[in-house]
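Engineer: Here it is, the structure in full.
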2 protein chains.
Amino acid sequence: MTRSRAGSRPTMRDVAAAAGVGLKTVSRVVNGESGVTPATAERVRAAIAELGFRRNDSARLLRTGRTASVALLLEDLGDPFSSALSRAVEEVARARDCLLFAGSSAEDPRRERELALAFCARRVDGLLIVPAGDDHRYLLPETASGTPAVFLDRPGAGIDADAVLSDNAVGARAGVRHLIRHGHRRIGFVGDLPQIHTSTERLRGYREAMAEAGLPADERWIATGPTDRATVARAVARLTDGPDAVTALLTGNNRITLAALHHLPTGAGRPALVGFDDLELADLLAPGLTVVAQDPAGLGTTAARLLFDRIDGDRGPARRIEVPTRLIARGSGETPPAAG
Amino acid sequence: MTRSRAGSRPTMRDVAAAAGVGLKTVSRVVNGESGVTPATAERVRAAIAELGFRRNDSARLLRTGRTASVALLLEDLGDPFSSALSRAVEEVARARDCLLFAGSSAEDPRRERELALAFCARRVDGLLIVPAGDDHRYLLPETASGTPAVFLDRPGAGIDADAVLSDNAVGARAGVRHLIRHGHRRIGFVGDLPQIHTSTERLRGYREAMAEAGLPADERWIATGPTDRATVARAVARLTDGPDAVTALLTGNNRITLAALHHLPTGAGRPALVGFDDLELADLLAPGLTVVAQDPAGLGTTAARLLFDRIDGDRGPARRIEVPTRLIARGSGETPPAAG
DNA sequence: CTGAAAGCGCTTACAG
DNA sequence: CTGAAAGCGCTTACAG
């Protein structure tokens with residue numbers, strides 16, 4: 001080994017010296033450019049192998065002006081929704097030889113901002129954001145400087161940017177219609193905090209379905225708030241108790257559905273249930289869990305494609321794309337209303 | 001706006017010109033270094049605000065020699081195990097102001113290699129790998145050049161590197177002991193392909209538990225192979241049928257457990273079941289699913305800490321750390337053997 | 001076919 | 001307190 005300094009990596013300059021050629025010739029060989037005699041190329045390749053040289057892409061990209069990377073900012077990289085979405089984004093990025101930075105905001109707006117700006121400082125080619133905060137004006141200088149951003153799952157606020165969303169209202173409406181079709185009239189909705197966009201949209205779908213069927217949507221049948229187990233348990237208990245108790249429930253997301261499943265009575269007295277978001281094992285429960293399934297992979301793929309269109313120079317007006325949800329009937333949403 | 005060129009980002013040089021100061025003074029203000037009069041600093045800050053300047057960290061890091069990023073190479077970013085692991089790694093990285101590249105090998109050794117080398121070419125400070133291939137000599141030049149690698153879930157091959165693994169044999173042994181304790185004597189094992197390290201280790205644990213209880217481990221009770229639904233269904237049918245049918249099963253991973261749950265008879269005739277890997281909703285099944293749970297977050301945290309120790313200069317011999325698994329009894333593993 | 005010079009956007013080492 | 005020069009490891013634009 002003729003390494004200049006041990007522990008530090010050889011550079012093109014080292015290779016050039018070892019092969020007795022100019023820097024540019026090494027660059028030509030490394031990049032497969034034409035105009036190098038086979039003999040010279042061979043000498044260069046030998047030097048590369050001997051030194052264990054690998055081109056520093058960070059340096060190359062600095063010169064080139066792009067970074068061949070995009071950033072994906074999620075709520076929580078560890079939840080199934082985020083991870084299915086990430087996987088789809090990765091696949092699109094990969095087809096473009098683009099690497100992926102990933103990070104979680106942990107639902108903290110300040111952390112979202114810090115991470116997003118850190119990615120911008122690295123000069124990622126584009127940004128995919130599942131927003132936690134409700135003010136994204138901090139991104140205005142970045143998008144104005146040419147770093148496109150696409151919002152996912154929820155729209156950005158205070159910024160005119162692309163957004164790729166589930167058709168939340170349509171999906172919730174479909175879920176409630178399904179319950180109505182199975183004979184339910186008193187249907188409850190348990191949702192997330194009202195300041196969350198998806199929560200509001202799903203509640204809107206619930207109201208629309210009730211209205212179009214000529215059913216009242218009694219405010220006592222609607223509960224929105226934190227989604228921890230205890231709070232949801234109380235909400236479920238309230239809605240399913242007393243003379244005006246609901247006979248069916250639409251639960252507004254994954255966590256709420258899980259909490260409800262734990263606290264709902266089992267057996268004949270159990271209200272019908274449709275959950276928003278699919279769950280692993282949902283088909284193995286008894287009865288199987290009927291859900292309005294989102295398509296996280298579809299969201300990821302759509303958003304990533306849109307982002308790359310922007311990176312490629314699409315300057316059209318901001319778009320909002322809705323990705324369809326799908327009702328999957330498995331049993332829990334098809335039980336008839338209990339007598340009463 | 002006095003931007004030099006629209007669409008392209010302002011640089012420190014632009015800021016310096018706008019503020020009428022030298023480049024180095026801008027650098028001082030941006031980095032919060034001392035030795036700038038308040039008045040000068042104020043002029044610089046005004047120029048920064050007016051131009052919408054944000055320091056290019058990629059350029060800074062090129063000069064500095066590190067990249068403040070690590071790469072996480074998973075089997076599939078979209079599966080729950082990977083995503084829980086990623087989340088833990090991210091948290092450790094974040095505490096070090098380090099960004100995270102993430103990628104999936106999709107269990108393709110060639111893709112693993114491509115991605116790993118692409119990360120090395122970006123000069124990540126370190127590499128975390130859940131290996132797909134069984135030959136990692138391609139990494140030798142990289143680790144020799146000072147990019148540390150830590151293997152996760154399975155050890156690397158052909159390279160003397162750190163590895164952080166689940167205590168697979170111990171966990172499987174605990175699962176089988178649990179079944180024995182509940183009266184089972186004929187216990188089956190359905191595992192992944194024998195060339196997979198975790199599969200072999202879990203099978204070893206199974207054999208150890210049988211041996212220490214003085215029970216035969218009839219080869220007809222052991223099935224290893226692909227983990228698609230159909231293959232597992234056939235294996236389960238074979239093991240649970242006939243006069244020598246097993247009364248209990250240890251399923252060697254998540255996918256196998258799911259397939260088994262779909263194909264096992266329900267009700268009284270169902271064999272007892274312990275699954276390796278926990279599943280969401282496992283406690284809502286009837287009976288609840290008894291599992292040997294891995295600790296993906298623990299794996300991620302441990303591996304990330306080890307990696308940063310290496311990045312910080314720890315040159316000690318390669319370590320192998322085993323992260324404990326945990327038996328969670330929920331019902332399916334506590335049913336007594338069916339008469340016969 | 002080959003290579004010296006300049007530059008990507010910063011920081012480092014140094015001089016005033 | 002301030003800044004001009006050199007350099008991180010490459011590519012670009014150009015000249016031989």
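The values are calculated or read from the model by the stated rules, or taken from the named source; none is laboratory data. Computed from a predicted model, the values in this text were never measured in an experiment. Quick reminder, even Gly has a Cβ in these numbers, built from the backbone with ideal geometry, and neighbours come from all protein chains shown. Keep in mind that these areas ignore ligands, DNA and RNA; they rest on the heavy atoms of the full protein, side chains included. Shrake-Rupley method; radii C 1.70, N 1.55, O 1.52, S 1.80 Å.
Engineer: Out of segment A:259-275, which residues are within 14 Å of chain B (Cβ to nearest Cβ) and more than 19 Å from A:ASP295 (Cα to Cα)?
Structural biologist: A:ALA259, A:ALA260, A:LEU261, A:HIS262, A:HIS263, A:LEU264, A:PRO265, A:THR266, A:GLY267, A:ARG270, A:LEU273
Engineer: Could you check segment A:98-137 and list, in sequence order, the residues that are more than 11 Å from chain B (Cβ to nearest Cβ), in contact with a helix residue (DSSP H, G or I) (Cβ under 7 Å, 6 or more places away or on another chain) and not in a loop (DSSP other than H, G, I, E, B)?
Structural biologist: A:ARG113, A:ALA116, A:GLY126, A:LEU127, A:LEU128, A:ILE129
Engineer: Residues of segment A:120-133 being touching a residue at least 40 places away in the same chain (Cβ under 8 Å) and under 17 Å from the mean Cα position of the chain (by Cα), which ones?
Structural biologist: Correct list: A:GLY126, A:LEU127, A:LEU128, A:ILE129, A:VAL130, A:ALA132.
Engineer: Right, something else. Would it be correct to say that A:ARG28 is surrounded by fewer than 19 Cβ atoms within 10 Å (Cβ to Cβ), away from chain B (no Cβ under 14 Å), within 46 Å of the chain's Cα centre (by Cα) and within 20 Å of B:PRO141 (Cα to Cα)?
Structural biologist: In short, no.
Engineer: Identify, please: which residue in segment B:262-277 is out of contact with any strand residue (DSSP E or B) (no Cβ under 6 Å at 6 or more places or on another chain) and free of Cβ contacts under 8 Å to residues at least 60 places away in the same chain and is, among those, least open to solvent (accessible area, probe 1.4 Å)?
Structural biologist: In this case the residue turns out to be B:LEU264.
Engineer: In segment A:51-72, which residue that is part of a loop (DSSP other than H, G, I, E, B) and more than 7 Å from every other protein chain (Cβ to nearest Cβ) is most open to solvent (accessible area, probe 1.4 Å)?
Structural biologist: The residue in question is A:ARG66.
Matching residues to (1) on the phi > 0 side of the Ramachandran plot; (2) more than 12 Å from every other protein chain (Cβ to nearest Cβ); (3) open to solvent by less than 20 Å² (accessible area, probe 1.4 Å):
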position: B:LEU250; (1), (2), (3): no, yes, yes
position: B:LEU279; (1), (2), (3): no, no, yes
position: B:ASP283; (1), (2), (3): no, no, no
position: B:VAL292; (1), (2), (3): no, yes, yes
position: B:GLY298; (1), (2), (3): no, yes, yes
position: B:ARG305; (1), (2), (3): no, yes, no
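Engineer: Kindly indicate the residue of segment A:3-25 that is open to solvent by 80 Å² or more (accessible area, probe 1.4 Å) and within 10 Å of DNA strand D (Cβ to nearest atom) and also farthest from the other protein chains (Cβ to nearest Cβ) among those meeting that condition.
Structural biologist: Looking at residues that are open to solvent by 80 Å² or more (accessible area, probe 1.4 Å) and within 10 Å of DNA strand D (Cβ to nearest atom), I get A:LYS24.
Engineer: Right, something else. Can you name the condition, by its number, that B:ARG310 falls short on among (1) over 30 Å from B:ALA144 (Cα atoms); (2) within 14 Å of chain A (Cβ to nearest Cβ)?
Structural biologist: Exception for B:ARG310: condition (1).
Engineer: Let me confirm something: among B:GLU42, B:GLU91, which residue is over 27 Å from B:ALA157 (Cα atoms), more than 15 Å from DNA strand C (Cβ to nearest atom) and touching a residue at least 24 places away in the same chain (Cβ under 8 Å)?
Structural biologist: Details: B:GLU42 fails: touching a residue at least 24 places away in the same chain (Cβ under 8 Å).
Just one listed residue meets the conditions, B:GLU91.
Engineer: Within segment B:73-97, restricting attention to residues that are open to solvent by 10 Å² or more (accessible area, probe 1.4 Å) and part of a loop (DSSP other than H, G, I, E, B), which residue is farthest from B:PRO296 (Cα to Cα)?
Structural biologist: The extreme case among them is B:ASP97.
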